[in-house]
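The values are calculated or read from the model by the stated rules, or taken from the named source; none is laboratory data. Computed from a prediction, not measured in an experiment: that's the story for all the values here. Glycine also receives a Cβ, built like all others from the backbone with ideal geometry; neighbour counts cover every protein chain displayed.
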Amino acid sequence: MNPRAMSCEEVIERLFDYLDRELDSQQAADIEWHLARCRDCFTRAEFERRLRARVAATGTAKAPPRLHQRIRILLDGFDEPDPGRNP
């Protein structure tokens, strides 16, 4: 499998598909070959990888019970009719 030379524009255009592992093996190899040789694109890819990892890590933290309670109170307030408003 010989890698195809890609321009930086092509790599950036396909970068999210590459990071999501949505490319076939040849396309992924082409991008990996480019990233191994282009510092700018490699830096961009690493930034996106790290950003995704941080976003994913923040989604694993549980909200404290007090926050759940405050949200429930706010939501319950929307269910109650406003006495000053005509329905």
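Scanning segment 1-39 for residues that are among the small types (Gly, Ala, Ser) and in contact with a helix residue (DSSP H, G or I) (Cβ under 7 Å, 6 or more places away or on another chain) yields a total of 1. For Ala45, the conditions (1) over 16 Å from Ser7 (Cα atoms); (2) in a helix (DSSP H, G or I); (3) modelled with pLDDT of 95 or more are fulfilled apart from (1).
When Ala45, Ala36, Ala61, Ala56 are screened for being among the small types (Gly, Ala, Ser) and touching a residue at least 24 places away in the same chain (Cβ under 8 Å), only Ala45 passes. For the residues Ala56, Ala5, the requirement of being surrounded by fewer than 12 Cβ atoms within 10 Å (Cβ to Cβ) and not in a helix (DSSP H, G or I) singles out Ala5. No other residue among Asp40, Asp30, Asp20, Asp76 is at pLDDT 95 or above and surrounded by fewer than 10 Cβ atoms within 10 Å (Cβ to Cβ) apart from Asp20. The condition (being at pLDDT below 95, part of a helix (DSSP H, G or I) and surrounded by 10 or more Cβ atoms within 10 Å (Cβ to Cβ)) is satisfied by just one residue among Arg70, Arg50: Arg70.
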